[in-house]
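Some notes on the structure that comes next.
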Amino acid sequence: MNHLKYFIYQFIFFCTILFINVIFDKYVSKPFTQIDLIAICIVFPILLIVFIVVPKIYDSNAIRLRNKFLISILAFILAIVFIDLLDLLFF
């Protein structure tokens, strides 16, 4: 059960990071404008919440490091596929 819970946490974490990158990448560009500042102000609290919650999740699971690494790789690959499908459907 811990492995499944860890996989779900990793999948949500990677989806959040990739989704933020896909959505806000087109707004933050070379000439720094007001839109770039607004995009950064939206992204910063989301990333702050994610990076505060994730270490608490990692500490609560008693899974071997090798298994965490393999589960994280699988979650990252599936998150890429999921975000790509969402990108094809909605953007």
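Quick rundown of the values:
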| item | result |
| --- | --- |
| The stretch 2-90: relative contact order in percent, alpha carbon pairs under 8 Å with at least 6 residues between | 56 percent |
| Equivalent ellipsoid semi-axes, the chain, via Cα gyration tensor eigenvalues times 5, rooted, Å | 29, 16, 9 |
| Loop-located trypsin sites (Lys or Arg not before Pro) in the stretch 30-69, at most 14 other Cβ atoms within 10 Å (DSSP) | ARG64 |
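Taken together, the values in this text are just the output of simple stated rules run on the coordinates, not laboratory data. The model shown is predicted, which means the values in this text are computed figures rather than measured ones. Glycine gets a Cβ as well: all are built from the backbone with ideal geometry, and neighbour counts include every protein chain shown.
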